[in-house]
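The values are calculated or read from the model by the stated rules, or taken from the named source; none is laboratory data. Because the structure is a prediction, the values reported are computed rather than measured. In this analysis, Cβ positions are derived from the backbone assuming ideal geometry, glycine residues included, and neighbour counts consider all displayed protein chains. Remember, those area values only see protein heavy atoms, side chains included, never the ligands or the DNA or RNA. Shrake-Rupley method; radii C 1.70, N 1.55, O 1.52, S 1.80 Å.
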Amino acid sequence: MTAGLSPGSATCKKCACATSSSPFRCEEGPVQSPLMNSPHLSDGQGYNSLVPGMYSQQVATKNPLHTSSGLSNYGVSQNVPQFSNYQGPGQTLNRPPVGSASLATAQQGPVAQMPPPLQNSVVVSSSAGTFHSGVNLPAHSNWQYGHAPLNQPTMGSQANHFAHGAATRPLLSSTVNTNASTNYNYVSSAGGPPVQNSYTKPGSQLTYSPVRPPIGTAPIGSQASIWPLAPPAAPPASITSQALQNSSTTQEAGDVASTASDGLLVQNNYDTIEGGGFLASAHTASAPQNPKTNRHVGSAYPTLPLGYQNASPSGGPRMQYPGGPQQFPQPCLGTNPLAASMGGLSLQPEGLRPINLLQERNILPATPLQPPIPNLHEDIQKLNCNPELFRCTLTNIPQTQALLNKAKLPLGLMLHPFKDLSQLPVVTSSTIVRCRSCRTYINPFVSFLDQRRWKCNLCYRVNDVPEEFMYNPVTRVYGEPHKRPEVQNATIEFMAPSEYMLRPPQPPVYLFVFDVSHNAIETGYLNTVCKTVLDNLDLVPGNTRTKIGFITFDSTIHFYSLQEGLSQPQMLIVSDIEDVFIPMPENLLVNLNESKELIQDLLRTLPQMFTNSLETQSALGPALQAAFKLMSPTGGRISVFQTQLPTLGVGALKSREEPNQKASAKDIHLTPSTDFYKKLALDCSGQQVAVDLFLLSGQYSDLASLGCISRYSAGSVYYYQSYHQQHNPLLVEKLQKELKRYLTRKIGFEAVMRIRCTKGLSIHTFHGNFFVRSTDLLSLPNVNPDAGYAVQMSVEESLTDMQVVCFQSALLYTSSKGERRIRVHTLCLPVVSQLSDVYLGADVQAITGLLANMAVDRSVSASLSDARDALVNAIVDSLSAYRSSVLTIQQPGLMAPISLRLFPLYVLALLKQKAFQTGTNIRSDDRIFTMCQVKNQPLVYLMLMMHPNLYRIDNLTDERALNINDRTIPQPPILQLSAEKLNRDGAYLMDAGSVMFLWVGKNCGQNFINNVLGVPHYASIPHNLAQLPELDTAESSRVLAFISWLREQRPFFPILYILRDESPWKPSFLQNMIEDRTESALSYYEFLLHIQQQVNK
């Protein structure tokens, strides 16, 4: 096979590129670097003495699943296993036995010493809240990545959706075994919300009282959850070699390596670095055990035995505390005491007031609906995670699974973990304090028993406070660990030390793959894309190591050598698409700074290079294979631009859609027609490569199959239906704006995410774009600030002895600057025992968002009609349960609590979305793209797409306006989505997320037409008007300011269509009138009557 070249270039011959072992294994993530895989690793305590910056509290681990655990099947979708079946540490994983001699040998080695406390380190708080405590991460600018072998074993696949079990009628809740063993409760981590920063400036006052109250009160009739114990037997500053030898059977969760029951040393991967799930490793009798404690969280500091008050553990500095250890009172973590005291009265909370939905039609609030506030103590709620980042469907967690089942509401979390934040505390420290059992990061909801001990709020283990953590970088005071930034912020980011790296952080690598077939050139997209990339080249996230490359394809594949020293880019053509190889691999991905001129030349000439091409075939599959081979050694991001159905080579597809076919529920193709793209995506995920797909097509392109390349590699899908540079200029602007955002937004590489929760809760299903690695670890080769995720949960153990539960997400990623970082979000919610309280805390938007994710999976695994029925049943079941179990007086009509008053409206809106519509001419690709948005969009954008906002804008005033950066932003009330709310005398703006409609009534006032639209009268409004003129009038300024403000709230660019009564876009506008009857769907009132009929059965 040969590679064709452009004139003047030498023939490129296929060669065996020098390859070395990949730094990753497909099955379980990265392989250890030699540093992490040192022969000096202690098997007994399981942490590496050669890793700098480690202290005596080791990093958590969880044994990776064995390949026999069913995670290696590509062909069919698999559900995340129930955690009762999880083979946790200490269970035999069918490994060959290892002799005791090797175990004894592994125990010999030097001992890790904790670094001395940073007594004189200076803490600087930047405007972004970053703390520098004298620790500089080493730069890895000279790291050389070897080429990975390209014939690696493939990774097992797990579907990102729940199992579809047989039921008498469709239900969206997964079957959960509440009696399952809970020895291995799932806990994972990731995330981050914008919270109120209490320390953005050096020396600033914290927002709370300097004395932190104890978290939780002692339960009535029992002792407080404190232990007047003797001081720790072992000094926290170091561990002696004798101690290692005496505890060779002890396995600490968090060790860099752990042993299974057969003695086999389990190698490190990302799972062990981030830390395993709850109780990731067994604790034997030789490990220090905590006395059995009540699960109420802390109270005050205990009265310690004589001789301990003024003592510090040996090896650390002796601090004198006046009168013994300070009492750190912490606010009760239970419910609001005022609300609790009201419970005995006959007053009914407003949220439980029943309303008759058939009588109260105007229930939509005039302002954006706010999430319910958890019923927690005021001081605790101030610390809680921002709901934009971390949100639960129920803000009152039921005590038991039986109570949750009785409520008929789904329990789950909606996450936006990498959201752009205006204030994000960033802490640089050699010590990241985590629970030694469950690996929870220290957070505002732990309790300090004294200055030296803290109790985990997830597994309730008592942990020692490391010496360095005693110093508060904000107040610069020693002995106040409860005032550290980590304990004052529910969202925080850590600069990760070297223990959290399996290899030096990868450089930012970006590869663009362009379709240059005749169809693609005809659309003119290459002009827009190349110009946008060229204009934003200097804004792409990265550093001096940033690399970039380009591939184009039609029936052949074209590479571009951008080697420094060339006078112009050199094209290398590979015509053998059956066995793709990489010609001159060292010159195809080049340093952006060193080869910038060649890159700019290529971007300027690329659109003209294929102008006369008559090649109509598309070899997308081979092009993706080539891109994967090129990116495998380092990882990075592949951006693919495709304009038609792939027709050549592997991954070729055939049309499954008949033109003008009525979209009946039975004939819709939602499943992939080939598993090629899913398999390739999993290979990409194993090499830390994500693929983003830009589909610009006017013809059927089988997005159900193509979308898998992004879904399983943690990428994104962008769809521009009927894109054409001349015929559809609105899409040209949309592509330009969204591509600019895509190129310049923040990005995280080689990321993993885990969500942990309090013991007794478990997570069993994930939704979003990712690959599930080792049961509960989400593999995210790329993470971006515009991606959302959802998880379903169940109550595995009774929570009756708990006042609150907590959830924590942790996202470990590499920044574009080459820094390893961990973003952590923690959410605290109260536990309730009454069914009425469960309904009182229902978050109707989060419930609808989770149901939407579940319905997409049901559509794919079963059928569209099944998913629609299940959505309706979700309303019927919950309102039936409320009527039969909570309402004391039965009333006629359709009764619902105020917290769920919008539930039927939101579900009706979901049923009228393109994803779930039936009986209309919905194109397959349109439907699949809407489903992709449901699965990948954060909740705030999903709700706007599902239930648009309608405003009247011909009478905007400054009343209740916002003032942002010297701009006045009007805030008109939100109107119901019904044509009866439209007045021909007015002008109305509908904000549907990715599109906006401005409808001008036939009798609209002349003032608006002249001063906003800039035309003399109604009849002169152009049919294709899509942009408002900037006029020097107050009315124009208000309307433009309002529309601009709405557009700024989202990462995508909504097109604005300006409509008259005769406009061709009017049907699309009226289709979004959710409360009105359409061709194939009921009106809101008719839907309520249908629900009432089902409830009364």
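Remarks
- Computed from the Cβ-Cβ distance with R0 of 45 Å, the FRET efficiency linking Met584 to Ala862 stands at 0.35.
- Semi-axes of the equivalent ellipsoid of the range 723-855 are 36, 21, 13 Å, computed as sqrt(5λ) over the eigenvalues of the C-alpha gyration tensor in descending order.
- Peptides ranked, highest mean first, by Cβ atoms within 10 Å: ranges 356-362, 783-789: 783-789, 356-362
- Solvent accessible area, Å² - Tyr1018, 1.4 Å probe, full protein context: 30 Å²
- Of Lys596/Lys746; Lys737/Lys914; Lys678/Lys817, pairs whose Cα-Cα distance is over 26 Å: Lys678/Lys817
- Normalised by the number of residues in the range 799-931, the average gap of Cα pairs under 8 Å and 6 or more apart makes the relative contact order 20 percent.
- What the Cβ-Cβ distance of Asp675 and Thr616 gives, at R0 = 22 Å and to the nearest 0.05, is a FRET efficiency of 0.25.
- Each residue of the range 892-1024 gets 200 Å³ once the volume of the Cα convex hull is shared out per residue.
- For the range 978-1092: Kirkwood Rh in Å [reciprocal of mean 1/r, alpha carbons]: 15.5 Å
- In the context of the full set of protein chains, residues of the range 931-1061 present 41 Å² of accessible surface per residue (probe radius 1.4 Å, heavy atoms only).
- Sorting Phe628, Phe553 by accessible area puts them as Phe628, Phe553; the probe is 1.4 Å, largest comes first, and only protein heavy atoms count.
- Highest mean packing first, where packing is the average number of other Cβ atoms within 10 Å per residue, the peptides 1027-1040, 487-500 line up as 487-500, 1027-1040.
- Peptides 688-698, 426-436 ordered by average Cβ neighbours within 10 Å, highest first: 688-698, 426-436
- Ranked by solvent-accessible area (1.4 Å probe, protein heavy atoms only, all chains present), the residues His727, His1017 order from largest to smallest as His727, His1017.
- Heavy-atom surface of the range 485-593, accessible at 1.4 Å and reported per residue (Å²): 27 Å²
- Cut-off 9 Å between beta-carbons: net charge of the residues surrounding Tyr813, Lys and Arg +1, Asp and Glu -1: +2
- Per residue, the convex hull volume that the Cα atoms of the range 794-884 enclose (Å³): 171 Å³
- The range 582-661, accessible surface, carbon-and-sulfur percent (1.4 angstrom probe): 48 percent
- Lys531/Leu1040 FRET efficiency (R0 25 Å; Cβ-Cβ; nearest 0.05): 0.45
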